[in-house]
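Okay, so here's the structure we're looking at.
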Amino acid sequence: MQDGQYNDPRLIDPFAITRRHFFGKAAAGLGGLALASLLPSPTGPGRARAEAVHASSAGTTPGGVLGSPHFVPTAKRVIYLFQSGGPSHLDLFDHKPRLNQEHGEQLPGSVRGEQRLTAMSANQTSIPLAGSPFQFTRHGQAQGWFSELIPNIASIADDICVVRSMFTEAINHDPAITFIQTGSQIAGRPSMGAWLSYGLGSENQNLPAFIVLVSAGQGGQPLYARLWGSGFLDSRHQGVQFRAGKDPVLYLSDPDGICRSGRRAMLDKLGELNRHAYQQELDPEIESRIAQYEMAYRMQASVPDITNLADEPEEVYELYGEDARRPGTFAANCLLARRLAEQGVRHIQLYHQGWDQHDNLPGAIRGQCAETDQASAALVKDLKRRGMLDDTLVVWGGEFGRTSYCQGTLTANNFGRDHHPRCFSIWMAGGGIRPGHVHGLTDEYGYNTVDGGVHVHDLNATLLHLLGIDHERLTYKYQGRRFRLTDVHGHVQHDLLA
């Protein structure tokens, strides 16, 4: 008999009740008695306690399971600018003159060692090195190298921390994105935003703690809703995707003819039915359903206002760029992310696809940077001038880097780069991150990390630390053991902290 069948009374022989079913029914009975003790009369202290329980189940209590952070945080919220597809560190942040000097020569076997290649380039008879066609210049007090493709990000060099020594174990997109977002290459784990919602809760009762913005109209590797899912955590912690257009959140608007008071009355009656069902079943998902209905009702009033960018002054559009006027663009999403941060949203996740440049890298990466460079830098500048950068953590990066050799045929004007997990670059700003710092070192070919390596789990442990969370103590028991975002290792990188 399958697990789910033990809960179906039609399938149970009353003369052959299993030990498992007996204790399950007994637990339900004890739970019902406990709940009844909260409701002794229509008035008095029991009624007040019951209302408090209902308010908590409806998601109106802002605190998460931790109650308060483990220690004093430097960041209250995260804006994660995820560049899906794997931006080439060799053409953006990690200047390698030797690649240009040996352009067209074969990758030395001593550099590659025993590292595997993807199926897309493993059968190549030639793996020639490809130098970057873009000029690099030094910027900021740390004199970090920045490509000509990202002049705006270079202009905030003294506000950001560039990590050139990230590494991961995944070599293909789906497991790599899943890994950096959830801490596991296997689908089904909670995403970072879900962990934060679970642990810390929300600062705004009228908006979700975790909101997702995906650039509209972008090609590239597919993005799955499970990347911002809650996994085995309560479903109320999953990310809520906002879209461009008339209805930013699907199915949120009322149908024609439904007034606000009518919607409220319907939800009140539905809530009564769901609470009655909870008393019978003691199923926590019923509480989650109540919470999400109530959140949706409040969002009907809050979302139209927060997503309407028309009240932003002209100088804001000049800062973020003309694309910010077009809903759904990366620039518009960066501007919306700032507005959501102002409203206390705990985790704001942006996704921008199209960085998977196996071919035509010189032209394709130029286009990607044109879409993202100005707005990425503008977000940091905007937060800083509003006094929000100190407690807002901004993260920019993808799932892995690109190879120093060419995938396919190397020509005078064109080449591509394959996936490369052994080293890649990200940058962070605000929220207690060390500004104006360049961390880590890769070899002369940009192929291996030689100093200051930062694993995916190390990154996530550090991000949680900045939010006041001990990554080893934010756990959830599931299937007999306790899981965490950094399952099961990771070290806070104190060199990255201010």
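The values are calculated or read from the model by the stated rules, or taken from the named source; none is laboratory data. Here the structure is a predicted model, which is why all the values come from computation and not from measurement. Positions of Cβ are backbone-derived with ideal geometry, glycine not excepted, and every protein chain shown enters the neighbour counts.
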Among (1) under 30 Å from Val450 (Cβ atoms); (2) without any contact (Cβ under 8 Å) to a residue 40 or more places away in the chain - the single one His173 does not satisfy:
(2)
Would you confirm, using the coordinates I've provided, whether Ile171 is crowded, with 18+ Cβ neighbours inside 10 Å, under 24 Å from Gln221 (Cβ atoms), touching a helix residue (DSSP H, G or I) at 6+ places or on another chain (Cβ under 6 Å) and in the same structural domain as Leu485 (by TED's automatic domain parsing)?
no
Step by step: first the residues of region 180-202, then only those that are of a type in the set (A, V, I, L, M, F, W, C) and within 12 Å of the chain's Cα centre (by Cα), then the one that is farthest from Ala291 (Cα to Cα). Which residue is that?
Ile180
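Residues checked against (1) buried (at least 19 other Cβ atoms within 10 Å of the Cβ); (2) polar (S, T, N, Q); (3) over 29 Å from Gln407 (Cβ atoms):
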{"site": "Arg325", "(1), (2), (3)": "no, no, yes"}
{"site": "Ala332", "(1), (2), (3)": "yes, no, yes"}
{"site": "Leu336", "(1), (2), (3)": "yes, no, yes"}
{"site": "Leu350", "(1), (2), (3)": "yes, no, no"}
{"site": "Gln357", "(1), (2), (3)": "yes, yes, no"}
{"site": "Leu361", "(1), (2), (3)": "yes, no, no"}
{"site": "Ile365", "(1), (2), (3)": "yes, no, no"}
{"site": "Thr372", "(1), (2), (3)": "yes, yes, no"}
{"site": "Ala377", "(1), (2), (3)": "yes, no, yes"}
Which of the following residues is surrounded by 16 or more Cβ atoms within 10 Å (Cβ to Cβ) and modelled with pLDDT of 95 or more: Ser202, Ser155, Ser121, Ser110?
Ser155
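Does Ala324 qualify as being touching a residue at least 24 places away in the same chain (Cβ under 8 Å), over 19 Å from Arg346 (Cα atoms) and of a type in the set (A, V, I, L, M, F, W, C)?
Yes, satisfied.
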Within region 384-402, does at least one residue satisfy the condition of being basic (Lys, Arg), surrounded by fewer than 24 Cβ atoms within 10 Å (Cβ to Cβ) and within 21 Å of the chain's Cα centre (by Cα)?
no
Those residues of region 459-479 which are touching a residue at least 40 places away in the same chain (Cβ under 8 Å) and within 18 Å of Phe167 (Cβ to Cβ), in sequence order
Leu459, Asn460, Leu463
Given (1) in contact with a Phe, Trp or Tyr (Cβ under 6 Å, 6 or more places away or on another chain); (2) without any contact (Cβ under 8 Å) to a residue 12 or more places away in the chain, Arg482 misses just (1)
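Suppose we keep only residues that are polar (S, T, N, Q) and surrounded by fewer than 19 Cβ atoms within 10 Å (Cβ to Cβ) within region 124-151. Which one would you say is nearest to Leu361 (Cα to Cα)? Can you show your working first?
The first filter runs over region 124-151 and keeps only residues polar (S, T, N, Q), leaving 124-126, 132, 135, 137, 141, 143, 147.
Those still in the list that are surrounded by fewer than 19 Cβ atoms within 10 Å (Cβ to Cβ) too: 124-126, 135, 137, 141, 143.
Values: Gln124: 18, Thr125: 21, Ser126: 19, Gln135: 15, Thr137: 20, Gln141: 30, Gln143: 26 Å.
My answer is Gln135.
Residue by residue, here is whether (1) of a type in the set (S, T, N, Q); (2) touching a Phe, Trp or Tyr at 6+ places or on another chain (Cβ under 6 Å); (3) farther than 28 Å from Thr182 by Cβ holds:
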site	(1), (2), (3)
Val380	no, no, no
Leu383	no, no, no
Arg386	no, no, yes
Glu399	no, no, no
Arg417	no, no, no
Leu441	no, no, yes
Thr449	yes, yes, no
Gly468	no, yes, no
Hey, among Gly430, Gly452, Gly440, which residue is of a type outside the set (Val, Ile, Thr), in contact with a Gly (Cβ under 7 Å, 6 or more places away or on another chain) and surrounded by 20 or more Cβ atoms within 10 Å (Cβ to Cβ)?
Gly440
Does Leu273 count as under 19 Å from Leu81 (Cβ atoms), out of contact with any Phe, Trp or Tyr (no Cβ under 7 Å at 6 or more places or on another chain) and assigned to a helix (DSSP H, G or I)?
no
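Being in contact (Cβ under 8 Å) with a residue 24 or more places away in the chain, part of a loop (DSSP other than H, G, I, E, B) and not hydrophobic (A, V, I, L, M, F, W, C) is true for just one of Ser253, Ser302. Which residue is that?
Ser253
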Report yes if Ala301 is surrounded by 16 or more Cβ atoms within 10 Å (Cβ to Cβ) and of a type in the set (Gly, Ala, Ser), otherwise no.
no
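Yes/no matrix, rows are residues, columns are (1) charged (D, E, K, R); (2) under 30 Å from Thr125 (Cβ atoms):
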site	(1), (2)
Ala377	no, no
Val380	no, no
Asp418	yes, yes
Arg434	yes, no
Asp451	yes, no
Working only within region 211-256, note down all residues that are of a type in the set (D, E, K, R) and within 20 Å of Val78 (Cα to Cα).
Arg226, Arg236, Arg243
How many residues does region 94-135 contain that are in contact with a helix residue (DSSP H, G or I) (Cβ under 9 Å, 6 or more places away or on another chain) and outside any loop (DSSP other than H, G, I, E, B)?
2
Kindly indicate whether any position in region 32-54 is of a type in the set (S, T, N, Q), modelled with pLDDT of 95 or more and loosely packed, with under 15 Cβ neighbours inside 10 Å.
no
From the options Asp373, Asp390, Asp382, Asp359, residue that is within 25 Å of Trp145 (Cβ to Cβ) and either polar (S, T, N, Q) or assigned by TED's automatic domain parsing to the domain that holds Glu169 (or both):
Asp373
With (1) in a helix (DSSP H, G or I); (2) farther than 30 Å from Leu99 by Cα as the list, and Leu459 as the residue in question, which single condition is left unmet?
(2)
Looking across region 268-298 at residues that are in contact (Cβ under 8 Å) with a residue 12 or more places away in the chain, farther than 29 Å from Gly328 by Cα and hydrophobic (A, V, I, L, M, F, W, C), the single one that is surrounded by the fewest Cβ atoms within 10 Å (Cβ to Cβ) is Leu270
Just to be sure I understand, how many residues within region 322-381 are outside any loop (DSSP other than H, G, I, E, B) and more than 22 Å from Glu399 (Cα to Cα)?
14
